[in-house]
Amino acid sequence: MDNENSFGKIREKIDNDGFSKVFALSGILGVGLGFLWLWLDIIFGFAVMIVGFFSFKKYKVEKNKEENYAQYISLILTHKENSISKIADEMSVSYEEALKKITEIISKNYLVGYKINKKEKTVVRDEEYFNNTNVQQINSINGDVDVLSKSARVTKCPNCGGTIFIEQNGSRYCKYCGKKI
């Protein structure tokens, strides 16, 4: 009986000292903070996913716009199509939409040295631009357009065979493989 009484006194002393309450409280607090942290991680994770989704969506829109611009430029430079009506037919858009896109392309300097002749409804090379500036326009085989000084020379890269346009005081490195010319 004395042992039971001693055990009861020890138990009462422990309960009164508050050790078990501290451990219980710290346990509850730890679990609560753990769940809070988990929820913050989930919320932050969703926020990052949402930003990533919209960034990817914006990337796709911009990529499609670039591809669309490239189609217009290809029709004008590679296929030598200058009638805006024919370009509109080829792109399956209205005349107004084609005119708007070509105007954007020219205004963003994607098509340097070209202008729109509104009277004839055509896209024409601006000879005045090329005659009054020290530049030339070279259309490469892959459809790229390079605007260079008239003193630039054309050569082939000895390493990869890419067509390179070397300015008089310009880079002596291939823009395709990076090797020194």
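The values are calculated or read from the model by the stated rules, or taken from the named source; none is laboratory data. Bear in mind that the values here come from a model prediction, so they are computed numbers and not experimental data. As a convention, Cβ positions derive from the backbone with ideal geometry for all residues, glycine included, and neighbour counts pool all protein chains shown.
A few comments on the model shown:
- Picking from residues in the range 60-96 that are assigned to a helix (DSSP H, G or I) and among the small types (Gly, Ala, Ser), the one that is surrounded by the fewest Cβ atoms within 10 Å (Cβ to Cβ) is 85.
- Qualifying residue in the range 37-59 (condition: more than 24 Å from the chain's Cα centre (by Cα), assigned to a helix (DSSP H, G or I), under 20 Å from residue 105 (Cβ atoms) and of a type outside the set (Val, Ile, Thr)): no
- One residue stands out in the range 97-113 among those that are touching a helix residue (DSSP H, G or I) at 6+ places or on another chain (Cβ under 7 Å) and at pLDDT below 85: the one that is surrounded by the fewest Cβ atoms within 10 Å (Cβ to Cβ), namely 110.
- Here residue 81 meets each of (1) more than 10 Å from residue 123 (Cβ to Cβ); (2) out of contact with any Phe, Trp or Tyr (no Cβ under 9 Å at 6 or more places or on another chain); (3) at pLDDT below 85 with one exception, condition (1).
- Check on residue 86, basic (Lys, Arg), out of contact with any Ser or Thr (no Cβ under 7 Å at 6 or more places or on another chain) and modelled with pLDDT of 90 or more: yes
- Of all residues making up the range 109-123, the number that are out of contact with any strand residue (DSSP E or B) (no Cβ under 8 Å at 6 or more places or on another chain) and touching a residue at least 24 places away in the same chain (Cβ under 8 Å): 1
- Leading residue by the ranking (nearest to residue 109 (Cα to Cα)) among those in the range 72-96 that are touching a Gly at 6+ places or on another chain (Cβ under 9 Å) and not aliphatic (A, V, I, L, M): 74
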